[in-house]
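The values are calculated or read from the model by the stated rules, or taken from the named source; none is laboratory data. Values in this document were obtained by computation on a predicted structure and should not be read as measured data. As a convention, Cβ positions derive from the backbone with ideal geometry for all residues, glycine included, and neighbour counts pool all protein chains shown.
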Amino acid sequence: MKCPYCGNEGSRVIDSRPAENNAIRRRRECDDCGKRFTTYEKIETESLTVIKKDKARQMYDRNKIRHGIVQSCHKLPISMNQIDKAVDEIETRIFSLGLREVESSVIGEIVMDKLKDLDEVAYVRFAAIYREFKDVNTFMSELKKLLK
Ligand SMILES: [Zn+2]
């Protein structure tokens, strides 16, 4: 781990503690300049396969979830920080299912659940894309459910 101040490779861990999302936060001290910095180590999660609607399988990809949320939050007063935090929480929920394979519909429901808390407009947008509303009526009934 290179020191961000002097570029020296050697550092000493002075404190370790668990952080969010299966990560470990380590406080380090540079062997050379003595300055302190923090690193996060993320435990590599076992590969997860997503089963799509057409039964095709693909590797789980966090960026796909993030991308969907970013699009749903377009022009809404939601910061990238909030989005990343939401993605973290969604990911934690997905992995805590403890599955090797997960249906994309399960992920979709978890995302929608989270978006409901985050922003109602983002939720409706995501649901509209995700559930592929065939007509205005389905869309309106979903919207009414939400507004209740
Ligand atoms: Zn240094």
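Report every pair of residues separated by at least 6 positions or lying on different chains whose Cβ atoms are under 7 Å apart, first residue within the range 50-73 and of a type outside the set (A, V, I, L, M, F, W, C), second part of a loop (DSSP other than H, G, I, E, B).
From residues that are of a type outside the set (A, V, I, L, M, F, W, C), the pairs are 58/52; 60/48.
Within the range 18-29, does at least one residue satisfy the condition of being loosely packed, with under 13 Cβ neighbours inside 10 Å, over 28 Å from residue 131 (Cα atoms) and at pLDDT below 90?
Yes - at least one qualifying residue is present in the range 18-29.
With respect to residue 113, determine if the residue is under 18 Å from residue 21 (Cβ atoms), assigned to a helix (DSSP H, G or I), touching a residue at least 12 places away in the same chain (Cβ under 8 Å) and not aliphatic (A, V, I, L, M).
Details: under 18 Å from residue 21 (Cβ atoms): yes; assigned to a helix (DSSP H, G or I): yes; touching a residue at least 12 places away in the same chain (Cβ under 8 Å): no; not aliphatic (A, V, I, L, M): yes.
So residue 113 fails the test.
Report yes if some residue within the range 32-51 is at pLDDT 85 or above, among the charged types (D, E, K, R) and within 23 Å of residue 96 (Cα to Cα); otherwise report no.
no
Out of everything in the range 50-72 that is of a type outside the set (D, E, K, R) and part of a loop (DSSP other than H, G, I, E, B), what residue ends up being nearest to residue 114 (Cα to Cα)? Don't jump to the end; show me each part of the working.
Initial filter on the range 50-72 (of a type outside the set (D, E, K, R)): 50-51, 56, 58-60, 63, 65, 67-72.
Cutting the leftovers down to part of a loop (DSSP other than H, G, I, E, B) gives us 56, 60.
Details: 56: 25, 60: 18 Å.
Here the residue is 60.
Working only within the range 30-78, note down all residues that are of a type outside the set (Val, Ile, Thr) and within 16 Å of the ligand (Cβ to nearest atom). Steps first, answer last, please.
The first filter runs over the range 30-78 and keeps only residues of a type outside the set (Val, Ile, Thr), leaving 30-37, 40-42, 44, 46-48, 52-64, 66-68, 71-77.
Hits for the range 30-78 are 30, 31, 32, 33, 34, 35, 36, 37.
Being basic (Lys, Arg) and closer than 30 Å to residue 96 by Cα is the filter here, so list the residues in the range 1-31 that pass it. So that I can check it myself, show each step before the final result.
Narrowing the range 1-31 to residues basic (Lys, Arg): 2, 12, 17, 25-28.
Result: 17, 25, 26, 27, 28.
Okay, residues lined up against (1) part of a loop (DSSP other than H, G, I, E, B); (2) more than 9 Å from the ligand (Cβ to nearest atom); (3) touching a Lys or Arg at 6+ places or on another chain (Cβ under 6 Å):
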position	(1), (2), (3)
5	yes, no, yes
14	no, yes, yes
18	no, yes, no
21	yes, yes, no
28	no, yes, no
